Every structure is written in structure tokens, then in C-alpha cells.
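Step one of this worksheet: look at the structure below.
The values are calculated or read from the model by the stated rules, or taken from the named source; none is laboratory data. Quick caveat: nothing in here was measured; it's all calculated off a predicted structure. Quick reminder, even Gly has a Cβ in these numbers, built from the backbone with ideal geometry, and neighbours come from all protein chains shown. When the accessible area is computed, the model is the full protein with side chains, heavy atoms only, and any ligands, DNA or RNA have been set aside. Shrake-Rupley method; radii C 1.70, N 1.55, O 1.52, S 1.80 Å.
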Amino acid sequence: MSKNNSIEQCVRENLQSYFRDLDGEKPDGVYDMVVRLVERPLLEVVMHHADNNQSRAAEWLGLNRNTLRKKLVEHKLL
């Protein structure tokens, strides 16, 4: 299994668990919840490996540096 598949499988399994835990309750805002929960650790790890160089991290992420900076501020990582 490739690393991408294992990340994908991890997300899939955790979402299945989330829906099981709802026990019939109606979910709300699942997309925003998942993006919020995945985005912060993604930014933390990439910034660490980029030695906190925002230009390098933005390039690796395929983001504009200003967009990355905005996301770092939103997640209180700056």
C-alpha cells in the first residue's frame, strides 16, 4: 500500500468511526470539520520540514505564500 493510500485509508476509517459514533444523529458541517482537522497538522508538519520557511512550504503545498500565511494565522501557527 502506498503512503497516499494509507493516509486515505486513515481518513476513511476515522470518518466511518465518526458516523458510527453519531449513533443515528444527523451530521452537520462534516466537510468543514474534516478540512479544519486535517489542515492544521498538514501545515505544522510541512512548516517543520521546510524549517519554517514560508516560501518553501507554500511551494511544496502548491499554495501562494500569502494564502499559506493566512492559513497559518487562522490556525494560530504564527
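Here is how the numbers come out for the structure above:
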quantity: The chain, Rg to Rh (Cα coordinates; Rh as Kirkwood inverse mean 1/r); calculated: 1.07
quantity: Average accessible surface area per residue within the chain, 1.4 Å rolling probe, Å²; calculated: 81
quantity: Net length gained if the chain between residue 67 and residue 7 were fully extended (0.36 nm per residue, minus Cα distance); calculated: 19.2 nm
quantity: Cα-based reach from residue 76 at 19 Å (exclusive), listing aspartates and glutamates while leaving out same-chain residues under 8 positions away; calculated: 32, 39, 44, 51
quantity: Area of residue 63 that stays accessible when all protein chains are in place (1.4 Å probe, Å², to 10); calculated: 60
quantity: Protein accessible area in the chain, 1.4 Å probe - carbon and sulfur %; calculated: 50
quantity: Fully extended contour minus Cα-Cα distance, from residue 15 to residue 75, at 0.36 nm per residue; calculated: 19.4 nm
quantity: In the chain, trypsin sites (Lys or Arg not before Pro) in a DSSP loop with at most 10 other beta-carbon atoms within 10 Å; calculated: 76
